[in-house]
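Below is one structure, written out as structure tokens, with a few remarks after it.
Bear in mind these aren't lab numbers, they're just calculated from the coordinates by the rules spelled out. Here the structure is a predicted model, which is why all the values come from computation and not from measurement. No Cβ is skipped: glycine too gets one built from the backbone with ideal geometry, and neighbour counts run over all protein chains shown.
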């Protein structure tokens, strides 16, 4: 078993960050509805901004992953 190169580690991390971002976005979107129902207009605006920012981050991370050669083959098999 060879030691993983830093680049391999980075590929795993970036893929992991993308996964995490997606779950955070899903959760934020869910709570956005809660804030809307509660009439928290300012909160809604802020959350929408946060979600838009995360989508930009996703795009940047996706591109980072591509520059590293794409996700490692085994990433999707062992999900926590």
Query raised in the report: By how many degrees, 0 to 90 and rounded to 10, does the Cα axis of helix 6-37 deviate from the longest principal axis of the chain?
Result: 10 degrees
Report summary line: The residues 63, 11, sorted from fewest to most surrounding Cβ atoms within 10 Å, come out as 63, 11
Query raised in the report: Measuring from centroid to centroid over Cα atoms, what is the spacing of the stretch 47-76 and the stretch 1-45 in Å?
Result: 10 Å
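Based solely on its DSSP helices, what 222 nm [θ] is calculated for the chain when runs of n ≥ 4 H residues each add -39,500 (n - 2.57) and the sum is averaged over all residues, nearest 500 deg cm²/dmol? Intermediate results must be reported in sequence, preceding the final value.
On the way: 2 runs with 59 residues, N = 80.
The helix contribution divided over the chain gives -26500 deg cm²/dmol.
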Query - Helix axis angle, 41-67 relative to the chain longest principal axis, alpha carbon, degrees - result: 10 degrees
**Report entry** Choice from 64, 52, 38 with maximal GNM fluctuation in the chain (Cα, 10 Å cutoff)
**Finding:** 38
